[in-house]
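What follows is a set of notes on a single structure, which appears directly below.
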């Protein structure tokens with residue numbers, strides 16, 4: 001019978017795979033790798049068996065962390081094409097440039113690999129509800145596969161995550177919580193929430209699922225290159241594997257896959273890894289350039305590419321550092337502008353529209369070629385990690401379209417659902433009296449109705465900033481919920497008055513706005529208010545219940 005153990009990458013303690021795993025019990029390390037008895041695999045027979053299996057990543061189930069294939073939760077992921085670049089390769093002077101097109105997964109990103117392995121493993125372990133921190137793709141993939149597996153997903157997003165990604169996750173039934181803070185702060189909040197609610201935190205399993213799932217991409221690449229170079233049953237590794245990196249689990253997994261194939265005798269060499277980061281958040285690149293094995297965390301990421309804004313890579317960087325020292329590689333930083341420009345070039349050269357994180361990878365490729373690190377005859381594979389679903393404004397110029405408005409219908413008032421759990425964490429004082437300052441009368445009434453239906457609150461309304469200030473001075477609420485764009489005295493003036501008046505500055509302030517904030521406005525609000533929420537879809541009843549319980 002197949003046996004799977006988890007090994008700590010730090011102290012090498014081995015433990016059985018179970019739903020209670022949250023890290024190494026000996027040293028606390030959160031990155032764990034699955035270990036199998038590879039000596040039991042007859043490689044020749046295994047290759048024959050795979051030829052008759054459905055073309056998904058589960059063709060390699062013998063080296064994946066699941067005991068019973070009946071527990072597999074699949075949407076047909078994996079087996080994505082390896083596309084040879086023509087025009088882009090020619091412009092770069094490369095003879096063998098290939099794009100691993102992970103856009104063709106069920107939710108259009110390479111995180112579908114992680115989701116199928118994670119949800120299959122969790123289903124086998126009997127987990128019914130999980131909490132995950134995400135910058136977009138993981139939550140979307142987990143939402144899709146969680147819906148198929150019957151596993152509820154709570155997803156915590158940093159505020160810079162594109163709203164389109166959060167809405168897509170919500171479509172699959174994910175409980176979406178938007179956090180005004182960095183990705184690292186979001187992960188901390190998710191962990192506290194999971195602990196308080198007694199829910200499974202996607203931490204220890206996350207590293208296992210990510211590493212084991214991403215190694216299947218390496219298996220596919222080696223098999224596909226073997227066919228391209230007519231090596232028959234002999235597979236082939238590339239000379240370079242390039243990926244835009246945030247936490248680093250993707251290339252760690254790919255490296256593990258290539259190492260297993262090397263041990264099997266399926267490939268003759270290990271590829272070099274090119275790790276590319278946005279220069280606005282590049283702790284790995286900065287550490288590698290200094291020759292340091294431990295990265296100094298970036299406390300305040302300056303990239304607008306939220307999916308790559310992991311300031312503290314932790315132990316993952318050490319693994320990638322060791323790989324590069326043993327097998328070769330490079331760590332490259334590129335600006336957001338270079339990444340967006342690369343996205344345009346790839347789309348217009350080879351007809352492939354990529355997400356910003358993949359744009360970072362291609363921008364890194366351009367630099368490595370220009371610097372002579374990658375040679376013309378090298379076989380190069382770039383991980384095209386996802387599709388440009390929501391095109392970033394920076395990718396296209398502002399006049400990319402012509403707009404004709406033929407509608408004069410008024411918009412219905414909406415309420416935000418994002419950020420309520422953050423409010424639970426931050427508003428730990430008892431709240432009974434609430435002032436809602438909102439110039440949209442219907443929206444204000446909706447807030448009042450929802451709050452009063454869920455708790456014994458005294459909710460008072462005002463419909464402009466001037467009357468709102470009068471209301472606050474008169475009733476002295478514990479909580480003020482205000483819009484920003486109002487006639488007369490706007491929300492910014494109101495907040496400034498509340499925070500500078502010593503008789504009023506002990507009130508908690510929540511801003512609910514649909515305004516597109518500038519960087520300066522967002523920075524100012526961060527220092528002045530307790531919580532900033534973007535207006536979105538209808539409020540979720542379960543989250544309101546929890547908010548009410550906290551207030552009480």
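Applying the criterion of being within 13 Å of residue 466 (Cα to Cα) and assigned to a loop (DSSP other than H, G, I, E, B) to the residues of the stretch 484-525, the residue that is farthest from the chain's Cα centre (by Cα) is 488. Within the stretch 186-202, if we keep just the residues that are assigned to a loop (DSSP other than H, G, I, E, B) and in contact with a strand residue (DSSP E or B) (Cβ under 8 Å, 6 or more places away or on another chain), the residue that is surrounded by the fewest Cβ atoms within 10 Å (Cβ to Cβ) turns out to be 199.
For residue 250, indicate whether it is outside any loop (DSSP other than H, G, I, E, B), more than 20 Å from the chain's Cα centre (by Cα) and surrounded by 22 or more Cβ atoms within 10 Å (Cβ to Cβ). Step through it out loud before you land on a result.
Details: outside any loop (DSSP other than H, G, I, E, B): yes; more than 20 Å from the chain's Cα centre (by Cα): no; surrounded by 22 or more Cβ atoms within 10 Å (Cβ to Cβ): yes.
Here the answer is no, as residue 250 does not meet what is asked.
Being part of a loop (DSSP other than H, G, I, E, B) and under 19 Å from residue 361 (Cβ atoms) is the filter here, so list the residues in the stretch 303-331 that pass it.
So the first thing to find is which residues in the stretch 303-331 are part of a loop (DSSP other than H, G, I, E, B), and the list is 303-305, 309-314, 328.
Scanning the stretch 303-331 gives 303, 304, 305, 309, 310, 313, 328.
Taken over the stretch 209-230, the criterion of being surrounded by fewer than 24 Cβ atoms within 10 Å (Cβ to Cβ) and over 20 Å from residue 272 (Cβ atoms) is satisfied by 227, 230. Every residue in the stretch 90-104 that is under 19 Å from residue 244 (Cβ atoms) and not in a strand (DSSP E or B), please. Residues satisfying the conditions are 92, 94, 102, 103, 104. Any chance the stretch 127-142 includes a residue that's in contact (Cβ under 8 Å) with a residue 12 or more places away in the chain, part of a helix (DSSP H, G or I) and over 25 Å from residue 18 (Cβ atoms)? Yes, the conditions are met somewhere in the stretch 127-142.
Does residue 263 satisfy the condition of being surrounded by fewer than 20 Cβ atoms within 10 Å (Cβ to Cβ) and part of a helix (DSSP H, G or I)? Don't jump to the end; show me each part of the working.
Values: surrounded by fewer than 20 Cβ atoms within 10 Å (Cβ to Cβ): yes; part of a helix (DSSP H, G or I): yes.
In short, yes.
Taken together, the residues in the stretch 160-179 that are under 16 Å from residue 311 (Cβ atoms) and buried (at least 22 other Cβ atoms within 10 Å of the Cβ) amount to 2.
For the stretch 413-463, the set of residues classified as in a loop (DSSP other than H, G, I, E, B), touching a strand residue (DSSP E or B) at 6+ places or on another chain (Cβ under 8 Å) and at pLDDT 75 or above consists of 431, 432, 438, 457, 463, listed by residue number. I'd like to check something: does the stretch 76-96 contain any residue that is modelled with pLDDT under 95, outside the structural domain of residue 349 (by TED's automatic domain parsing) and farther than 26 Å from residue 343 by Cβ? Within the stretch 76-96, one or more residues are modelled with pLDDT under 95, outside the structural domain of residue 349 (by TED's automatic domain parsing) and farther than 26 Å from residue 343 by Cβ.
Among the residues of the stretch 105-126, the one identified as out of contact with any helix residue (DSSP H, G or I) (no Cβ under 8 Å at 6 or more places or on another chain) and part of a helix (DSSP H, G or I) is 125. One residue stands out among those in the stretch 61-80 that are part of a helix (DSSP H, G or I) and in contact (Cβ under 8 Å) with a residue 40 or more places away in the chain: the one that is farthest from the chain's Cα centre (by Cα), which is 62.
From 101, 37, 112, which residue is within 17 Å of residue 384 (Cα to Cα) and outside the structural domain of residue 255 (by TED's automatic domain parsing)? Steps first, answer last, please.
Working: 101 fails: outside the structural domain of residue 255 (by TED's automatic domain parsing); 37 fails: within 17 Å of residue 384 (Cα to Cα).
Within the list 101, 37, 112, the selection yields 112.
Taken together, 472, 512 contain a single residue that is under 30 Å from residue 301 (Cα atoms) and either modelled with pLDDT of 85 or more or assigned by TED's automatic domain parsing to the domain that holds residue 438 (or both), which is 512. Regarding the stretch 203-225, can at least one residue be identified that is out of contact with any helix residue (DSSP H, G or I) (no Cβ under 8 Å at 6 or more places or on another chain), assigned to a loop (DSSP other than H, G, I, E, B) and either closer than 28 Å to residue 72 by Cβ or assigned by TED's automatic domain parsing to the domain that holds residue 378 (or both)? No: zero hits. The lone criterion from (1) crowded, with 20+ Cβ neighbours inside 10 Å; (2) at pLDDT 60 or above left unmet by residue 551 is number (2). Residues in the stretch 171-185 that are touching a helix residue (DSSP H, G or I) at 6+ places or on another chain (Cβ under 8 Å) and part of a loop (DSSP other than H, G, I, E, B) were compared, and the one that is farthest from residue 236 (Cα to Cα) is 180. Taking residue 333 as the residue in question, decide whether it is surrounded by fewer than 19 Cβ atoms within 10 Å (Cβ to Cβ), more than 19 Å from residue 217 (Cβ to Cβ) and not assigned by TED's automatic domain parsing to the domain that holds residue 526. So residue 333 does not fit the description; no.
The values are calculated or read from the model by the stated rules, or taken from the named source; none is laboratory data. Computed from a predicted model, the values in this text were never measured in an experiment. Quick reminder, even Gly has a Cβ in these numbers, built from the backbone with ideal geometry, and neighbours come from all protein chains shown.
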